[in-house]
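Structure record follows, encoded as structure tokens.
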Amino acid sequence: MIDRDRLSALLARERAEFAATHARSADAYAAARNLFGRVPMTWMNKAAGGFPVYAASARGARVTDVDGHTYVDFCLGDTAAMAGHSPAPVVDAVRRAAGDGLATMLPTEDAAWVGAELAGRFGVPRWSFTLTATDANRWAIRLLRAVTGRPRILVNSYCYHGSVDESLIVVGPDGEPAGRPGNVGAPCDVTTTSRVAEYNDLAGLERELAHGDVAAVLMEPALTNIGIVLPEPGYLAGVRELTRRYGSYLVNDETHTFSTGPGGATAAWELEPDVVTIGKAIGGGVPIGAYGLSASLASLLAGRDDLDLVDMGGVGGTLAGNPLSVTAARATLEHVLTPAAFARMTKVASTFAAGVREVVDRFGLPWSVTQLGARVEYRFASPAPSSGGASAAAADPDIEDFLHAYLLNRGVLLTPFHNMALMCPATTPADVATHHEVFAAAVTELVG
Ligand code: PMP
């Protein structure tokens, strides 16, 4: 029902408008000749307007760019700023800590507080820190390979767990496992290190686990990086039952599903993983990652004299657990991303979802809207896809670019990679209404 010529013309118009009104961002981009791809990290070239918006400042749910435009920010650093930009308790804690030694390589007392808080929230009692969620996943994988003596990791097709080599595998078009298209410099054929099953496919999972060589299933309780794909009734209980039956550990990557509530989907849905990994949001914007182990797994590992957990065995980083990261995490968890804040964020997210649904229904669009606590996503397929493969097939980069550019030109920022909107404690119903007004106008131009 979308006229592609009209879509191309609208996208060209929005890009021209963006270029005309973002001159300083354009200049900054043109001047950055010594950056590979002109950006600090090449993924920043995923910019619907044609080049990135350069940030000048950000507070709460607002970002202001170098051209003076202020945006309602539903991207929130792709979850890293779930607590809102520069929340006061985190800024105060970081200011205090910054003057007291940034890299002593000695433990600080806040780390134990954060460990206890994460244990209470996620139900696994022994925590270690990293600097990124990617590293939390990498180190969890190493520990689980060591403890099981099994070589392979199983993930869901079209998952994302950071740049973890083992996770860059998909169910290919012929149903066989294959490297994720575009994977850069795989160290070896990923089908020799990994197994893959579609999300919500218990039969496929069992078939792969039955090989008996899977150390761990690494999964998000709901997929979030290919749109949101929610679990069907019984799926997650089935995953737990099958992993136990086939002797594989279960890792819940809560980096994004943390939006479900104060203890992520793990607590909200009463899941029982052996390991929880997380990052980004718990530091309130300061780099941190963490992984939590069950008591039995931690004691198994601690009892293994052959594993070098202290020096160069492969599960460490000089700056992991640094004072700034852990003090920021303490401030975030103690004062900002509290249970009460999650309740408010989820309520605002429900308003967001309802408003988008209303527009989708009004125009009879074959699109779906999915909510995961404080996070909402719209996808160009209805009903909502039930697997990563199906959701990947529903991608429509042109519609996505048009909507993102249209929203950008009218002061609304979505996450660049898909149509994700996240609420932080500072997001208001008025912010949501702003999105809906612009979204409805965009859809009217597209199909009206
Ligand atoms: N796990 C999940 C589920 C993620 O979505 C991401 C990043 N989007 C990561 C891990 C990796 O996080 P980081 O890039 O901060 O290491």
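In the set ALA61, ALA32, only one residue is within 27 Å of THR428 (Cα to Cα) and either over 26 Å from the mean Cα position of the chain (by Cα) or among the hydrophobic types (A, V, I, L, M, F, W, C) (or both); that residue is ALA61. In the range 263-285, the qualifying residues are those that are assigned to a strand (DSSP E or B) and within 12 Å of the ligand (Cβ to nearest atom), and the one that is surrounded by the fewest Cβ atoms within 10 Å (Cβ to Cβ) is GLY279.
Give the residues of the range 149-170 that are touching a Gly at 6+ places or on another chain (Cβ under 7 Å) and either within 12 Å of the ligand (Cβ to nearest atom) or open to solvent by 10 Å² or more (accessible area, probe 1.4 Å) (or both), sorted by residue number. Selection gives ASN156, TYR158, CYS159, LEU168. In this entry, ARG244 is excluded by the filter for residues that are away from the ligand (no atom under 15 Å from the Cβ), assigned by TED's automatic domain parsing to the domain that holds ASP110, assigned to a loop (DSSP other than H, G, I, E, B) and at pLDDT 95 or above. When LEU102 is tested against the conditions (1) on the phi > 0 side of the Ramachandran plot; (2) exposed (fewer than 13 other Cβ atoms within 10 Å of the Cβ), the lone failure is (1). Just one of the listed residues (ALA88, ALA93) is surrounded by 22 or more Cβ atoms within 10 Å (Cβ to Cβ), closer than 21 Å to ARG59 by Cα and either more than 16 Å from the ligand (Cβ to nearest atom) or under 18 Å from the mean Cα position of the chain (by Cα) (or both), namely ALA93.
Report yes if VAL72 is farther than 26 Å from TYR291 by Cβ, among the aliphatic types (A, V, I, L, M) and either open to solvent by 40 Å² or more (accessible area, probe 1.4 Å) or touching a residue at least 12 places away in the same chain (Cβ under 8 Å) (or both), otherwise no. Answer is yes for this residue. Among the candidates GLY37, GLY49, the residue that is open to solvent by less than 60 Å² (accessible area, probe 1.4 Å) and either closer than 29 Å to ALA433 by Cβ or of a type in the set (Phe, Trp, Tyr) (or both) is uniquely GLY49. Looking across the range 171-195, the residues that are of a type in the set (A, V, I, L, M, F, W, C) and away from the ligand (no atom under 16 Å from the Cβ) come down to VAL171, ALA178, ALA186, CYS188, VAL190.
So which of LEU106, LEU143, LEU102 ends up being without any contact (Cβ under 8 Å) to a residue 60 or more places away in the chain and over 26 Å from VAL229 (Cα atoms)?
LEU106
The residues of the range 94-145 that are aliphatic (A, V, I, L, M) and in contact with a Lys or Arg (Cβ under 7 Å, 6 or more places away or on another chain), listed by number, are VAL114, ALA133. Restricting the search to strands (runs of 3 or more DSSP E) fully inside the range 44-113 and requiring at least 2 residues that are out of contact with any Leu (no Cβ under 8 Å at 6 or more places or on another chain) and not β-branched (Val, Ile, Thr) gives 55-59, 62-65.
Scan the range 209-229 and tell me whether some residue there is assigned by TED's automatic domain parsing to the domain that holds THR255, within 16 Å of the ligand (Cβ to nearest atom) and part of a helix (DSSP H, G or I).
no
Looking at the range 322-348 only, could you name the residues that are open to solvent by 10 Å² or more (accessible area, probe 1.4 Å), part of a helix (DSSP H, G or I) and either among the hydrophobic types (A, V, I, L, M, F, W, C) or out of contact with any helix residue (DSSP H, G or I) (no Cβ under 8 Å at 6 or more places or on another chain) (or both)? If the condition is that a residue be open to solvent by 10 Å² or more (accessible area, probe 1.4 Å), part of a helix (DSSP H, G or I) and either among the hydrophobic types (A, V, I, L, M, F, W, C) or out of contact with any helix residue (DSSP H, G or I) (no Cβ under 8 Å at 6 or more places or on another chain) (or both), then LEU324, VAL336, PRO339, ALA340, ALA343, ARG344, THR346, LYS347, VAL348 are the ones that fit. Looking only at residues that are over 15 Å from PRO273 (Cβ atoms) and among the small types (Gly, Ala, Ser) in the range 120-132, which one is nearest to the ligand (Cβ to nearest atom)? Among those that are over 15 Å from PRO273 (Cβ atoms) and among the small types (Gly, Ala, Ser), it is SER128. Filtered by the rule that a residue be open to solvent by 30 Å² or more (accessible area, probe 1.4 Å) and of a type in the set (D, E, K, R), the range 402-440 gives ARG410, GLU437. The condition of being over 23 Å from THR148 (Cβ atoms) and of a type outside the set (Asp, Glu) holds for only one of GLY247, GLY238, GLY227, that being GLY227.
The values are calculated or read from the model by the stated rules, or taken from the named source; none is laboratory data. Source: prediction; values computed, not measured. Ideal geometry is used to build each Cβ from the backbone, glycine not excepted, and the neighbour counts take in all protein chains shown. All accessible areas refer to the heavy atoms of the entire protein, side chains included, with ligands and DNA or RNA removed. Shrake-Rupley method; radii C 1.70, N 1.55, O 1.52, S 1.80 Å.
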